[in-house]
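Just so it is clear, none of the values below were taken in a lab; they were calculated from the coordinates. Please read all numbers here as calculations on a predicted model, not as lab measurements. So basically every Cβ, Gly included, is an ideal-geometry build from the backbone, and we count neighbours across all protein chains shown.
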Amino acid sequence: MSRDDLRIVAGPANRVLADTVARELGGEPDPSAVERFPDGELRPWVRDVHGADVYVVQPTGPGGGDSIVALLLLLDACHRAGASRVTAVVPYFGYARQDRRQHGGQAVGARVIADALATAGAERLVVVDPHTPALEALCEIPVEMVTAVPVLAHGLAGTGDGFVVVAPDLGAVKLAERYAALLDTPVAIVRKHRESGSSVHAKELIGDVADRRPIIVDDMISTGGTIEAAAGVLLDHGAIPEIDVAATHGPLVPSAIRRLHALPIRRLLVTDSVAQHDAFAEVHTIAPLLTDTIRRLHEDKPLDDLLIRT
Ligand code: R5P
């Protein structure tokens, strides 16, 4: 096998996505496996990748811990098997919310995960709409931050007049501006305060939402608390109670579904960066985006139009 050979190694967290990418690149689904011992330990196995340009596709969720360990072990297995280049394709990069310490005694979780990926053998990292662009600066290896916003905006297209794209917190303003540019809508911003991992508080609104249909956009939905808080503010300010929500990542915890069901949500769009099992969300695939990204990296072509423009 030579560097001319492109190989997709499919992690267990989202095999459907990885296998779709492999097929779109003209290959077969990858037989790699991660075995679990009775005590919970994981052990990977990869088919011969010696000399190949390898892309390990594995999000860090759901669940965080096991998905991350499986990713690290697969990277190490490819590295030790003599791959000529190993790229970690991490559609959903968890821990990116911990890009700095908010209080003493905390960790910079994003840095810990990034360092671990590099130590395990990743020479390059591909992520989709990470929580923060600071991820690039936190990583020792090159990071390609591609975006699924055009995919989701395409799903929202045809929304017409009377809509307003809403950033549910200050961190989502640039994201909201990217959606608004594609959908040709104004932008409103909700000011959010996070009290804990499961509790957020939102009160203030910047912009006009009265008698408009809101489209709340975010990088991810986990507990649904951010969307719930933003929806409350929008309704208090006279928005039409038919809300569309779009988020690249949907590592939804079970209580999030109940929470979101209770809101006047018309459509909830997420991608398959994390495997989706609940019929509530409309899932738009990022397989073509990852396929295009991997093909261009393999052929040393620029990614310009696929990257996040900050
Ligand atoms: C935080 O700043 C993120 O951009 C999301 O708004 C947040 O992580 C969503 O989490 P949850 O659904 O638990 O509020």
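Things to note:
- 29 Å Cα-Cα reach of LYS192 towards lysines, excluding residues that sit fewer than 8 places from it in its own chain: LYS174, LYS203
- What separates the Cα centres of region 18-64 and region 92-151 is a distance of 20 Å.
- For the chain, the fraction of C-alpha pairs farther apart than 31 angstrom is 30 percent.
- Scattering profile of region 95-181 at q = 0.12, 0.13, 0.24, 0.26 Å⁻¹ [log10 I(q)/I(0), Debye over alpha-carbon scatterers]: -0.48, -0.55, -1.17, -1.27
- Debye-formula intensities of region 152-310, expressed as log10 I(q)/I(0) at q = 0.08, 0.12, 0.21 Å⁻¹, are -0.23, -0.52, -1.41 (one equal scatterer per alpha-carbon, no solvent).
- Check: the chain dipole with +1 on Lys, Arg Cβ and -1 on Asp, Glu Cβ, in debye: 500
- Comparing ILE243, HIS193, VAL34 along the charge dipole axis of the chain, the residue lying farthest to the positive side is HIS193, per the Cβ-charge model.
- Two-site FRET efficiency, ARG43 against ASP208, from Cβ-Cβ distance with R₀ of 45 Å, rounded to 0.05: 0.20
- Given R0 = 22 Å, the distance between the Cβ atoms of ARG80 and ASP5 translates into a calculated FRET efficiency of 0.80.
- Solvent-free Debye calculation, one equal scatterer per alpha-carbon of region 72-227: log10 I(q)/I(0) at 0.13, 0.14, 0.17, 0.21 Å⁻¹ equals -0.71, -0.80, -1.03, -1.29.
- Bridge orientation summary for the chain: considering DSSP beta bridges with both residues in this region, about 25 percent are antiparallel.
- Residue-averaged [θ]222 nm for the chain, counting only DSSP H segments that reach four residues, each worth -39500 (n - 2.57): -9000 deg cm²/dmol
- Top of ASP129, ASP30, ASP272 by mean-square fluctuation, Gaussian network on the chain, Cα under 10 Å: ASP30
- Ratio Rg/Rh [Cα only; Rh per Kirkwood] for region 230-300: 1.13
- In degrees, nearest ten, helix 65-80 long axis to first principal axis of the chain (Cα): 30
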